[in-house]
Amino acid sequence: MSQTPTTSRSDLHVRPGPEGRITRLVIMGPQGVGKGTQAARLAETFGIVAISTGDIFRANISGDTELGRTAKSFIDNGELVPDEVTNAMVRDRLAQPDVTDGFLLDGYPRNAAQVAELDGILTDLGWELDGVIELTAQREELLTRLEKRAQEEGRTDDTPEAIKKRLDIYDTETAPLTAAYAERGLLVKVDGVGEISEVTDRIVSSLGAQLG
Ligand SMILES: Nc1ncnc2c1ncn2[C@@H]1O[C@H](COP(=O)(O)OP(=O)(O)OP(=O)(O)O)[C@@H](O)[C@H]1O
Ligand SMILES: [Mg+2]
């Protein structure tokens, strides 16, 4: 796509490195592991845009858009929003001009159909993923963090029932997806427990070491 005479995007793409050359990423991990926190920091580090499907849904709910009205009951119940709705939203978001320098997807893909859809979207754009970060933590740690978040942020889907359902969906539908990315040589698994900046450093150095 790029006709620039300097470093070509395909060059960036084939040989990703820790600084500015890893540009198309996914971050996965269970609810409360710190994806959103790390996504913002990584976006800053790599000069790319963090895209959180949960945040887009919440913005649409606040704005009372048609998309927000469709998504709200699923979200409040801790269920996934139907794939056709989510897929269309992500396809649309990845077509925006700010994404051309790179992106970090947080909250997508979450099931096998979404993995296939993401592959299709990226193929249509002429892109490939550079890496998939899997952030990990024990369930007990997650529950402690989510309880704290429920008190601080009052998210309508941070009820005990919805949290349990989301974690169960993560275990059954989302966690198994990492195997497919590992087979493609894209997966970077990182311990999500520790100081926020320590975890960021761990992710950045693991990306460089494993993908660079
Ligand atoms: N890829 C997706 N497919 C379907 N539904 C989604 C997707 N991403 C977000 N959602 C909906 O939005 C809700 C909130 O997502 P979000 O990622 O913000 O929260 P979460 O699952 O609790 O994780 P986190 O702890 O990172 O905030 C989900 O429970 C789901 O209903
Ligand atoms: Mg989040």
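Read-outs: derived from the displayed coordinates by stated rules, not from any lab. These numbers come from a predicted model, not from an experiment. Glycine also receives a Cβ, built like all others from the backbone with ideal geometry; neighbour counts cover every protein chain displayed.
Would you calculate the separation in nanometres between label points at Lys189 and Ser73, each defined as 7 Å from the Cα along the Cα-to-beta-carbon direction?
Taking the simple label geometry, Lys189 and Ser73 are separated by 3.9 nm.
Between Ala59 and Asp201, what is 0.36 nm times their sequence separation minus the Cα-Cα distance? Round to one decimal in nm.
Taking 0.36 nm per residue and subtracting the Cα distance, the gain is 48.2 nm.
If you line up the long axis of helix 35-46 against the longest principal axis of the chain, both from Cα atoms, how many degrees apart are they, to the nearest 10?
20 degrees
Going by how many other beta carbons lie within 10 Å of each one, how would you line up Met89, Met28, fewest first?
If I rank by nearby Cβ atoms, fewest first, I get Met89, Met28.
Set Lys and Arg Cβ to +1 and Asp and Glu Cβ to -1, take the dipole of the chain about its Cα centre, and tell me which of Leu118, Ile196, Leu167 lies farthest positive.
Ile196
Considering only C-alpha atoms, what is the centroid distance from the range 39-92 to the range 171-188, in Å?
Taking the Cα centre of each part, the range 39-92 and the range 171-188 sit 21 Å apart.
Nearest 10 degrees, 0 to 90: what angle lies between the long axis of helix 53-62 and the longest principal axis of the chain (Cα atoms)?
50 degrees
For the chain, what does -39500 (n - 2.57) per DSSP helix run (n ≥ 4), summed and divided by total residues, give at 222 nm, in deg cm²/dmol to the nearest 500?
Details: 10 runs with 113 residues, N = 212.
Rounded to the nearest 500, the figure is -16500 deg cm²/dmol.
Among Lys72, Lys164, Lys35, what is the fewest-to-most ranking by other Cβ atoms within 10 Å? Let's see the in-between values first.
Details: Lys72 18, Lys164 14, Lys35 24.
Neighbour counts put them in this order, fewest first: Lys164, Lys72, Lys35.
Which cross-chain or sequence-distant (5 or more) residues have an amide H under 5 Å from the amide H of Lys189, H modelled 1.01 Å from N in plane?
Residues meeting the amide H criterion: Glu134.
Scan the chain and report its longest stretch carrying no GluC sites (Glu not before Pro) that are both in a DSSP loop and have at most 13 other Cβ atoms within 10 Å.
20-194
Please compute P(r) over all alpha-carbon pairs of the range 18-99, binned at 5 Å starting from zero, and give each bin as a whole-number percent.
It works out to 3, 13, 21, 23, 20, 13, 5, 2, 0, in whole percents.
Give me the percent of DSSP beta bridges within the range 18-200 that run antiparallel, rounded to the nearest 5.
Here the antiparallel bridges make up roughly 0 percent for the range 18-200.
In whole angstrom, and with the biggest value first, how far do the Cα coordinates of the chain range along each principal axis?
Rounded to whole Å, the extents work out to 53, 39, 29 Å.
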